[in-house]
Amino acid sequence: MRYSKIGDRLAGLGSEKWAIHVEGRQREALGHEMIFLSIGEPDLAPPKAILDEAYKQMLARRLRYSPGNGEPSVVNALSRFYTKQTGRKITPEQFLFLPGTQTALYMAFISILNEGDEVLLLDPYYATYEGVICGPGGKPVAVPLDPDNGFHPNIDAIEAAITSRTKALLLNSPSNPTGAVFTAAEIKAIGALCKKHDLWIVSDEVYATMIYGNNIFTSPFFDKDLEERTIVTSSISKSHALPGFRCGWIAASEEFVTSALSITETMLFGSQAFLQDATALALDTHFPETDNMRQSYEARARLLVDGLKNCKTVSSRMPEGGMFVMVDVRKTGVSGEIFARRLLNEHNVVCMPGESFGRCGAGHVRVALTVDEKQIAEAARRIAILAASLN
Ligand SMILES: Cc1ncc(COP(=O)(O)O)c(C=O)c1O
């Protein structure tokens, strides 16, 4: 049979990146006790009230077809949330409720890209970013981030990568995998660049609630002047530990939402009303559980960084936000891929090779902070043993 080009474009951009995780699961099935630090899946319990709300609304028969942009309950809650966050009125018409950030990202690019359009990606980048750009026919253009500068952006390097085909820049702060939180000055400079070259900014803010130390979350959407060109994607997958709910959204201009609505309606025909009600509750309520989650991830990150601080050949720095620590293994003389593979085979620790996140992730492994402190400390001990054996 004959298929569309989209499958060819996406082939090879998915499963290979997760090969070590898959092998970890296979070793586990053979009876090995593994420590999984590979997937950014929250291990802590979500606020029970959100589950209760979903159940209550299900019983109340909130089971009908739903508007393509979202139920009034959730778009009104999003309007309240973003109005508070940005300090200016963001209307309910500026949102599309979608099944998770992943769908929101795909929807964003399908709505703005034509075949051959280039999208700037700051490298290292999240493993699915090439796919969401290539699927609609776009071309990812990687702009290197320097690990020795904490993976913060170099504005001149970004500008140098802009061509007449550049259509958008994909931003992710706090970053998966790097843990960098871009400063207000960096966001401002990126925004000015995008304005100068008339680019869209797709801002993946799925880790916005996980900020550590003195760092402050900033978004280009905070700037009224950038509103028309900014498409925010986010969800409650990480903030409320509910990835299985698939509850996410786009926040953008009313013009963007009107234009994208025909695509979402064609693809989705609306989302589950009872889950939208539960998301509205999540957005409207301050849950202590979410503070606890942030504190737990921060404590785990510190434990890992401290556990590696006496190593001669590996190093790590405290993430500024997010759920991950990048461990720099360049001094061991082996690639991130080989280091991760040896950790898997010799120490039963599963983490992601930095190479899965672009060329600039090379020589690193990414550790997800999704196990308890005891396991994090044990993982750090085993990483240190492997590093010492490579000394
Ligand atoms: C940077 C980033 N964006 C998007 C996603 C997808 O999130 P969601 O569950 O909201 O689709 C993830 C999940 O790990 C992520 O790390």
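The values are calculated or read from the model by the stated rules, or taken from the named source; none is laboratory data. No experiment lies behind these values; they were computed from the predicted model shown. Note that each Cβ is placed from the backbone with ideal geometry, even for glycine, and that neighbours are counted across all protein chains shown.
The requirement of being more than 16 Å from the ligand (Cβ to nearest atom), assigned to a loop (DSSP other than H, G, I, E, B) and at pLDDT 95 or above is fulfilled somewhere in region 252-259, by at least one residue. Of all residues in region 24-46, exactly one satisfies the criterion of being loosely packed, with under 11 Cβ neighbours inside 10 Å and among the charged types (D, E, K, R), namely Glu33.
Scanning region 76-91 for residues that are more than 16 Å from the ligand (Cβ to nearest atom) and buried (at least 19 other Cβ atoms within 10 Å of the Cβ) returns Ala77, Ser79, Tyr82, Ile90.
Kindly provide the set of residues from region 183-209 that are under 16 Å from Leu171 (Cβ atoms) and either within 16 Å of the ligand (Cβ to nearest atom) or assigned by TED's automatic domain parsing to the domain that holds Gly321 (or both), ordered by number. Of everything in region 183-209, those that are under 16 Å from Leu171 (Cβ atoms) and either within 16 Å of the ligand (Cβ to nearest atom) or assigned by TED's automatic domain parsing to the domain that holds Gly321 (or both) turn out to be Ile201, Val202, Ser203, Asp204, Glu205, Val206, Tyr207, Ala208. Of the residues making up region 214-230, none is within 10 Å of the ligand (Cβ to nearest atom) and either under 15 Å from the mean Cα position of the chain (by Cα) or of a type in the set (S, T, N, Q) (or both). Out of all the residues in region 296-307, which are over 11 Å from Phe324 (Cα atoms) and within 19 Å of the chain's Cα centre (by Cα)? Within region 296-307, Ser296 is the sole residue that qualifies.
Within the span defined as region 240-248, one or more residues are without any contact (Cβ under 8 Å) to a residue 60 or more places away in the chain and either farther than 26 Å from Leu44 by Cβ or within 16 Å of the ligand (Cβ to nearest atom) (or both).
When region 331-352 is filtered for residues that are surrounded by fewer than 24 Cβ atoms within 10 Å (Cβ to Cβ) and among the small types (Gly, Ala, Ser), the ones remaining, listed by number, are Gly333, Ser335. Within region 243-292, the set of residues being small (Gly, Ala, Ser), closer than 20 Å to Phe81 by Cα and surrounded by fewer than 21 Cβ atoms within 10 Å (Cβ to Cβ) comprises just one member, Ser253.
Please indicate, with yes or no, whether at least one residue in region 362-378 is under 20 Å from Ala19 (Cβ atoms) and in a helix (DSSP H, G or I).
To start, the set of residues in region 362-378 that are under 20 Å from Ala19 (Cβ atoms) comprises 362-368, 370.
From what is left, the residues that are in a helix (DSSP H, G or I) are none.
No - not one qualifying residue is present in region 362-378.
Just to be sure before I move on: is Leu113 within 16 Å of the ligand (Cβ to nearest atom) and either in the same structural domain as Pro174 (by TED's automatic domain parsing) or in contact (Cβ under 8 Å) with a residue 12 or more places away in the chain (or both) in the structure I sent? Considered against the rule, which asks whether it is within 16 Å of the ligand (Cβ to nearest atom) and either in the same structural domain as Pro174 (by TED's automatic domain parsing) or in contact (Cβ under 8 Å) with a residue 12 or more places away in the chain (or both), Leu113 comes out as no.
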